[in-house]
1. Take residues that are under 29 Å from residue 178 (Cα atoms) and touching a helix residue (DSSP H, G or I) at 6+ places or on another chain (Cβ under 8 Å) and tell me which of the helices (runs of 4 or more DSSP H) falling wholly in the stretch 49-156 contain 3 or more.
2. Which one of the conditions (1) more than 27 Å from residue 74 (Cβ to Cβ); (2) surrounded by fewer than 20 Cβ atoms within 10 Å (Cβ to Cβ) does residue 107 fail to meet, given that it meets all the rest?
3. When both residues are 6+ apart or on different chains and their Cβ atoms are under 6 Å apart, which pairs have a first residue that lies in the stretch 188-202 and is closer than 23 Å to residue 140 by Cβ, and a second that is part of a helix (DSSP H, G or I)?
4. Output yes when any residue across the stretch 93-100 is farther than 18 Å from residue 36 by Cα, within 16 Å of the ligand (Cβ to nearest atom) and at pLDDT 95 or above, and no when none is.
5. Any residue in the stretch 40-57 that is within 19 Å of the chain's Cα centre (by Cα), in contact (Cβ under 8 Å) with a residue 40 or more places away in the chain and within 16 Å of the ligand (Cβ to nearest atom)?
6. Would you mind stating whether residue 128 is within 14 Å of residue 199 (Cα to Cα) and assigned by TED's automatic domain parsing to the domain that holds residue 190?
7. Inspect the stretch 118-128 for any residue being within 16 Å of the ligand (Cβ to nearest atom), surrounded by 17 or more Cβ atoms within 10 Å (Cβ to Cβ), modelled with pLDDT of 95 or more and more than 22 Å from residue 21 (Cα to Cα) and give the result as yes or no.
8. Somewhere in the stretch 179-202, is a residue closer than 17 Å to residue 83 by Cα, at pLDDT 95 or above and exposed (fewer than 14 other Cβ atoms within 10 Å of the Cβ)?
Ligand code: MN
């Protein structure tokens, strides 16, 4: 039985400057993400058979988790998994950052054009009320833009999240304060399309 661990950031804390600041990255990874992992482990302490599953599998079968710990597991497995995706699908800023190849074709045919996709994704990110995420998911093999509240997971809805934007205020408040729109606009510079393309090809 192995408890879950918080993976290290795959780059330096300041790698996403100036779009995401070092201080936020430190707090976000070392405190927020690590906090979810610690609380997930604590929630499962007396049901340790779940440590044999991946956190994604736990979220896919969240209804099977004993009721007394289900909310804690849902919130913290969600937080743990979503932040893992978050770090993996970011990279240092690049000009004119957009996907290529198979993923770009799929986006264009699903949403009409790259610009329309961006517009729809931005609108989703801006209209998450309170804390939550906007996602690009695979749903029965099709691309879709969705939103979830808090750490509710696309995995629990039978979807596979390719990437998502974390619009909890802890993601941007230090640098952008209440200006979520500026954070969302800058986010496009640091999306790791190579990693997302791979997630698409491996899971479509
Ligand atoms: Mn977060």
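1. Numbers: elements: 55-60, 67-88, 101-111, 114-127.
Because the criterion is at least 3 residues that are under 29 Å from residue 178 (Cα atoms) and touching a helix residue (DSSP H, G or I) at 6+ places or on another chain (Cβ under 8 Å), the helices (runs of 4 or more DSSP H) in the stretch 49-156 that meet it are 67-88, 114-127.
2. Of the numbered conditions (1) more than 27 Å from residue 74 (Cβ to Cβ); (2) surrounded by fewer than 20 Cβ atoms within 10 Å (Cβ to Cβ), the odd one out for residue 107 is (2).
3. Listed pairs, sorted by first residue: 195/88; 197/103; 200/103.
4. Filtering the stretch 93-100 for residues farther than 18 Å from residue 36 by Cα gives 93-100.
Now restrict to residues that are within 16 Å of the ligand (Cβ to nearest atom): none.
No: the stretch 93-100 contains no residue that is farther than 18 Å from residue 36 by Cα, within 16 Å of the ligand (Cβ to nearest atom) and at pLDDT 95 or above.
5. Of all residues in the stretch 40-57, those within 19 Å of the chain's Cα centre (by Cα) come to 40, 54-57.
Imposing the further condition that a residue be in contact (Cβ under 8 Å) with a residue 40 or more places away in the chain reduces the set to 40, 55-56.
Subsequent filtering for residues that are within 16 Å of the ligand (Cβ to nearest atom) retains 40, 55.
For the stretch 40-57, residues within 19 Å of the chain's Cα centre (by Cα), in contact (Cβ under 8 Å) with a residue 40 or more places away in the chain and within 16 Å of the ligand (Cβ to nearest atom): present.
6. Numbers: within 14 Å of residue 199 (Cα to Cα): no; assigned by TED's automatic domain parsing to the domain that holds residue 190: yes.
For residue 128, the condition - within 14 Å of residue 199 (Cα to Cα) and assigned by TED's automatic domain parsing to the domain that holds residue 190 - is not met.
7. The first filter runs over the stretch 118-128 and keeps only residues within 16 Å of the ligand (Cβ to nearest atom), leaving 125, 128.
Next cut, surrounded by 17 or more Cβ atoms within 10 Å (Cβ to Cβ) only: 125, 128.
Adding the requirement that they be modelled with pLDDT of 95 or more leaves 125, 128.
When the remaining residues are screened for being more than 22 Å from residue 21 (Cα to Cα), the result is 128.
Within the stretch 118-128, one or more residues are within 16 Å of the ligand (Cβ to nearest atom), surrounded by 17 or more Cβ atoms within 10 Å (Cβ to Cβ), modelled with pLDDT of 95 or more and more than 22 Å from residue 21 (Cα to Cα).
8. Within the stretch 179-202, not a single residue is closer than 17 Å to residue 83 by Cα, at pLDDT 95 or above and exposed (fewer than 14 other Cβ atoms within 10 Å of the Cβ).
The values are calculated or read from the model by the stated rules, or taken from the named source; none is laboratory data. Here the structure is a predicted model, which is why all the values come from computation and not from measurement. Reconstructed Cβ throughout: ideal geometry from the backbone, glycine too, with neighbour counts over all protein chains shown.
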